[in-house]
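To start, the structure under review is shown below, and the notes come after it.
The values are calculated or read from the model by the stated rules, or taken from the named source; none is laboratory data. Note that the structure is a prediction, hence the values are computed from the model and not measured. Using ideal geometry, Cβ is built from the backbone for each residue, glycine included, and neighbour counts are taken over all protein chains shown.
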Amino acid sequence: MPNIKPLTDLKNYTDVLHEITEGEPVFLTDNGRGIYAIIDINEYETLSAAYQLMSSIAKGKLTSPEKKIARRDDAEKEIR
């Protein structure tokens, strides 16, 4: 079940921060509308890495006019 709190709960931000665990973000609302999600740093790093990988893959598909398939070794070198 999602952990949803009103933005005003940030007055006691340490209490809110203690409720954040990996895989269980805290969602903050203002007037009943979601405005922020606070996530664990490990989860953020995982999501960021996945986003970068997916962006690299998408960029490769969009920039390849020949639509050739790259060899795995070449693709890994490009990502690094």
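Consider the range 20-32 and keep the residues that are in a loop (DSSP other than H, G, I, E, B) and within 17 Å of TYR44 (Cα to Cα). The one that is farthest from the chain's Cα centre (by Cα) is ILE20.
When PHE27 is tested against (1) within 30 Å of GLU76 (Cβ to Cβ); (2) touching a Gly at 6+ places or on another chain (Cβ under 6 Å), just one condition goes unmet, and that condition is (1). Does the range 62-78 contain at least one residue that is on the phi < 0 side of the Ramachandran plot and at pLDDT 85 or above? The answer is no; no qualifying residue exists. The one condition from (1) modelled with pLDDT of 90 or more; (2) in contact with a strand residue (DSSP E or B) (Cβ under 6 Å, 6 or more places away or on another chain); (3) surrounded by 13 or more Cβ atoms within 10 Å (Cβ to Cβ) that ASP9 does not meet is (2).
Scanning the range 1-14 for residues being in a helix (DSSP H, G or I) and among the hydrophobic types (A, V, I, L, M, F, W, C) gives a total of 2. Have a look at LEU17, LEU53, LEU47 and point out the one that is assigned to a helix (DSSP H, G or I), exposed (fewer than 12 other Cβ atoms within 10 Å of the Cβ), at pLDDT 90 or above and among the hydrophobic types (A, V, I, L, M, F, W, C). None of the others qualify; the one that does is LEU47.
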